[in-house]
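The values are calculated or read from the model by the stated rules, or taken from the named source; none is laboratory data. Small disclaimer: the values here were computed from a predicted structure and weren't measured. Note: ideal-geometry Cβ built from the backbone for every residue, glycine included; neighbour counts use all protein chains shown. All accessible areas refer to the heavy atoms of the entire protein, side chains included, with ligands and DNA or RNA removed. Shrake-Rupley method; radii C 1.70, N 1.55, O 1.52, S 1.80 Å.
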Amino acid sequence: MAPEFRNDPKLVHGEAGYVLEDVPHFADYIPDLPTYPNPLQDNPAYSVVKQYFVNMDDTVAQKIVVHKSSPRGTHFRRAGPRQRVYFESDEVHACIVTCGGLCPGLNTVIRELVCGLSHMYGVSRILGIEGGYKGFYARNTIHLTPKSVNDIHKRGGTILGTSRGGHDTSKIVDSIQDRGINQVYIIGGDGTQKGASVIFQEIRRRGLKVSVVGIPKTIDNDIAVIDKSFGFDTAVEEAQRAINAAHVEAGSVEHGIGVVKLMGRYSGFIAMYATLASRDVDCCLIPESPFYLEGKGGLYEFVEKRLKENGHMVLVVAEGAGQELIAESMRSMDHEDASGNKLLLDIGLWLSQKIKDHFSSKKKMTINLKYIDPTYMIRAIPSNASDNVYCTLLAQSAVHGAMAGYTGFTVAPVNGRHSYIPFYRITETQNQVVITDRMWARLLSSTNQPSFLSQNAIEDAKKEEEPQTQLLEGENSTNHHEEELFSSANQPNFLSHNVTEVAKKEEKPPTQLHEVENSYEADLCDNGVANKPSG
């Protein structure tokens, strides 16, 4: 009989208000499991590492900016290899599945999961589940090896295919059990992670020794708690091409207007960061900041003013912006796709037409408007260098956690340190741009656009409890960063045994190393160097 299942948060309390929101472990519900030495200690890639393994007591603070009297607050378990593992290499039968929409970096994550399992832990049985969740019970699978995934990171999309919906918990877990799979890596957004949580709960209810690991994916960057999601940097970079095209078109004609629609169903991070990076944008509209069209202080007035000043303008709009303005004309307002997302009317087309109609009726000014929607071009491209490194660290951290017996968690950086986060923490809310935060103020200052908010709306926004500001600053950890690169490339470190021994003697004792921050790393973080998270 399977043990009684409880889905209560696993909390550990300490002194001075310290709280660890821990993730589930096999030991919580399967007694007397044997453990084995971590094979990384015999891996040549790790031979010069100062400390092979993350200390079991290492945790990562969710809130990094505190006052001296503040409680220590919520922490998460730090990601990384452990000294003892709960799987022998030839025992592991892993599977990988991708769900939801496309995003740059999917193939990189798949590649690094396969190479990490193979090169670091000697795992040879790795299945790819084709077509999303329904692939589990449709029995569509492919065998994955380091050779077969060698160059997939150079392609966009996902070699496994993807779909929305298709989640049947009983069928999925039955398939996992029938195939003898004991490590499940699920790559997808918040809806996919909710599905992963349900799969974990059913696996735990049945008392199975199966590790369920989520890797959060959303191009919109709207997953709560984590610093950022993979593919976001690539999306912002690629969006620059569309904005530049709109700027060229608008600047080449009299009273030219370039309208660019970017991703962002509920969160305007791509639009905001693309606007800040471009410097060619005159106005940015996002879901979190309401706007109105007509009257004093409205969008029409601002467009007319900017055209008179500069002769042209560029407007960036996130796909979820202004939906309340077009709700009456949106017949599909209550319709949803297979993932449960509301079907939105195209705000870019609607807004472009409204601007055309306004100036046509006024007959004061003839405009020339060009509308660009690069959504599917951005989603389909391969990830850039920054995201490739990030995906590598995500995948390897996920593998370390599964091998160490952790389950029911997602892996991502929190304040620059990769962490294991309980599923419920990243699915309970969505991250959004805080319009009372300094980053939005920086955008308004950069574009010199009005906020389009009434004074009452501004006061209401200030009264609302602010979510924690999303940090997009990573870290460049010399220690872990280099060891992951050796492992990813599966290359020797080319150091002689004598050099290796000298390097080890020069460093501090291993028991202290996890507490020592590299001064170079600290300098980089202090200077705002981003996108170099550590595994």
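Observations, loosely collected:
- Screening region 358-445 for strands (runs of 3 or more DSSP E) wholly inside it with 3 or more residues that are buried (at least 23 other Cβ atoms within 10 Å of the Cβ) returns the ranges 409-414, 417-422.
- Of Lys147, Lys63, all but one fail to be more than 30 Å from Asp42 (Cβ to Cβ) and basic (Lys, Arg); the exception is Lys63.
- Listed by position, the helices (runs of 4 or more DSSP H) inside region 171-289 whose residues that are within 14 Å of Gly408 (Cα to Cα) and within 15 Å of the chain's Cα centre (by Cα) number at least 1 are 190-205.
- Selection status of Ser148, open to solvent by 10 Å² or more (accessible area, probe 1.4 Å), at pLDDT 95 or above and not in a helix (DSSP H, G or I): yes
- Cβ-Cβ distances below 7 Å connect the following pairs, each with a first residue in region 177-195 that is among the polar types (S, T, N, Q), a second residue that is open to solvent by 20 Å² or more (accessible area, probe 1.4 Å) and at pLDDT below 95, and a separation of six or more residues or different chains: Gln193/Thr427.
- If you go through region 119-145 and keep only what is assigned to a loop (DSSP other than H, G, I, E, B) and either open to solvent by less than 30 Å² (accessible area, probe 1.4 Å) or of a type in the set (S, T, N, Q) (or both), you end up with Val123, Ser124, Gly131, Gly132, Tyr133, Asn140, Leu144, Thr145.
- Scan of region 24-52 for residues that are aromatic (Phe, Trp, Tyr) and either modelled with pLDDT of 90 or more or surrounded by fewer than 20 Cβ atoms within 10 Å (Cβ to Cβ) (or both), ordered by number: Phe26, Tyr29, Tyr36, Tyr52
- Taken as a whole, the structure places Ser332 among residues that are modelled with pLDDT under 90, surrounded by fewer than 19 Cβ atoms within 10 Å (Cβ to Cβ) and either more than 24 Å from Pro450 (Cβ to Cβ) or of a type outside the set (Ser, Thr, Tyr) (or both).
- The one condition in (1) more than 30 Å from Pro37 (Cα to Cα); (2) modelled with pLDDT of 95 or more; (3) surrounded by fewer than 24 Cβ atoms within 10 Å (Cβ to Cβ) that Leu160 fails to fulfil: (3)
- The set of residues in region 163-194 being more than 17 Å from Ser383 (Cα to Cα), at pLDDT 95 or above, of a type outside the set (S, T, N, Q) and buried (at least 19 other Cβ atoms within 10 Å of the Cβ) consists of Ile172, Val173, Ile176, Ile181, Val184, Tyr185, Ile186.
- Unmet requirement for Thr98, which otherwise passes all of (1) under 20 Å from Gly131 (Cβ atoms); (2) of a type in the set (Ser, Thr, Tyr); (3) in contact with an Asp or Glu (Cβ under 9 Å, 6 or more places away or on another chain): (3)
- Boolean, Arg164 is in contact (Cβ under 8 Å) with a residue 60 or more places away in the chain and among the charged types (D, E, K, R): yes
- Within region 309-325, tally of residues that are in contact (Cβ under 8 Å) with a residue 40 or more places away in the chain and either small (Gly, Ala, Ser) or surrounded by fewer than 20 Cβ atoms within 10 Å (Cβ to Cβ) (or both): 4
- Residues of region 200-228 that are polar (S, T, N, Q) and within 18 Å of Glu91 (Cα to Cα): Ser211 alone.
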